[in-house]
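Asks: Dropping a structure here in C-alpha cells format, bear with me for questions.
The values are calculated or read from the model by the stated rules, or taken from the named source; none is laboratory data. Bear in mind the structure is a predicted one, so any value in this text is a computation, not a measurement. Here the Cβ positions follow ideal geometry from the backbone for every residue, glycine too, while neighbour counts run over all protein chains shown. All accessible areas refer to the heavy atoms of the entire protein, side chains included, with ligands and DNA or RNA removed. Shrake-Rupley method; radii C 1.70, N 1.55, O 1.52, S 1.80 Å.
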Amino acid sequence: MTGVAPPEWARHLPAGLEPEAVDLLARRTLPAAWAANWRSAPDAPVVCDERGWLTNAELDRRSRAIAGRLAGAGLGAGDRVVMSAATSIELVVAHVAALRLGLVVVPVNGAYRAREIGHIVDDCSPAACIVDHARTELFAAAVGDKCIVTTPAVDLPDAEAPGLDVSEPADVALLC
C-alpha cells in the first residue's frame, strides 16, 4: 500500500524486512514462529543492543540454554516466572526462553518495594523470579523459600532443554 505509514512496531524489524512479510499467526504461537524463523534464516539479525545484533541462531542457542537451566531447576510448562529487570539482551533471552519452555511470564515494575513484591508473589505463586542483580536480595527477602531468585543471566546449573516451542494458542504466556 503506497502512502500508508508502517505500523509503529515495524521500527524494530531489521533493515529491509517489510511488515507485510511478518505473519505472526501462521505458526499459531510466537515460540513456534520464532523456531521456524530461526531455522529458515539462522544468520539473520533478530535483536540488538549497544553491542550489536544477535542472530536468529544465537538467540535460538542462548534461549535453549536458559530454558534448560530453568527446566533443570524444576520449572515446567504453566509455571509462573516473575521478571523485573532493566532492558537488556539477557532479559530478552530469558523472556524468550521462558516462553519457549511454556512458562507464564509475570512482568513486575522495577520500582516496586518489598510489600508490593510480596503481594504479587502471594497472588501468582511464581516458581522463579528473574530480577536485576541489585534487587536480588530484596526479592529473596520478599519471596523467602517460595521460589528461585536469579538475574537475567539465569546463573543456574546447565541442564538439557526439554521439548521446546510446543505451547498451544490457548496456553497462558503472560500474566499482568
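Asks: Is there a residue being open to solvent by less than 40 Å² (accessible area, probe 1.4 Å) and without any contact (Cβ under 8 Å) to a residue 60 or more places away in the chain anywhere in region 16-26?
Replies: yes
Asks: Let me ask something else. Any residue at all in region 140-152 that is polar (S, T, N, Q) and at positive phi?
Replies: No, that holds for no residue.
Asks: Can you pull out the residues in region 26-43 that are more than 15 Å from the chain's Cα centre (by Cα) and either farther than 15 Å from Arg62 by Cα or part of a strand (DSSP E or B) (or both)?
Replies: The answer is Ala26, Arg27, Arg28, Ala36, Asn37, Ser40, Ala41.
Asks: Given the criteria among the aliphatic types (A, V, I, L, M), out of contact with any Gly (no Cβ under 6 Å at 6 or more places or on another chain) and either farther than 28 Å from Leu175 by Cα or in a helix (DSSP H, G or I) (or both), does Ala86 qualify?
Replies: Spelling it out, it is not the case that Ala86 is among the aliphatic types (A, V, I, L, M), out of contact with any Gly (no Cβ under 6 Å at 6 or more places or on another chain) and either farther than 28 Å from Leu175 by Cα or in a helix (DSSP H, G or I) (or both).
Asks: Next up: Tell me, which residue of region 49-65 that is under 15 Å from the mean Cα position of the chain (by Cα) and open to solvent by 50 Å² or more (accessible area, probe 1.4 Å) is farthest from Pro14 (Cα to Cα)?
Replies: Arg64
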